[in-house]
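Since every read-out is calculated from the coordinates, none of them should be taken as a lab result. What you see is a predicted model; the values in this text were computed from it and never measured.
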């Protein structure tokens, strides 16, 4: 397993070890909590030496994502190198039937993936659940929200970036983790996000059940790459939010 220089994953090197904990867990453990036998990260000497100080070996974490996204035999011929994150992301989007512009930025394609999960989930929510979710996100006029209005608001939030974009991504990732591992993310510690999870957990669980049925047929690697991509997208939005805050403070 060798890390390929990848501008779309370099930001992981600026994240705290605690931020990376959920991503490492998704790469090394299956739904039952057992160690994954198909990965390489657990065998890494840097992992053995430094974990849980994940920041010390962030390149190995990135390499694991790249390798899970690549064909095993192709990886062997690449001297242990996987594919770039962009290919992993677009493959996941194709698998879960996300419409995206192949020439768009990785950030925009991640937005489309998150919006697809949110959009499908909103269609399965009751009016009361929609109002609760809108209220959780601090939206005005939450009592009159419709799925179309709420989805449009979320779309604008993702495009605008900032904390709400991160909050939305984290709520989706939280529901994904709850479905896959039966627990909330370590990233999601406050009560606002917990309430968002409670509202979205059921609908997203239904969506993921359908995805997982297809994934089980398509191949085991998707059981790793789908949650990994959702988590990378969430971490990117946290990092972007932090960078924006630093710029505001500096000005």
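Just a few scattered comments:
- Hull volume per residue, based on the alpha-carbon atoms of the range 1-138 and their convex hull, is 154 Å³.
- Sequence-distant contacts, meaning Cα pairs under 8 Å at least 6 residues apart, place the relative contact order of the range 1-118 at 29 percent.
- Direction-averaged projected area, Cα convex hull, the range 106-183: 5.3 nm², rounded to one decimal.
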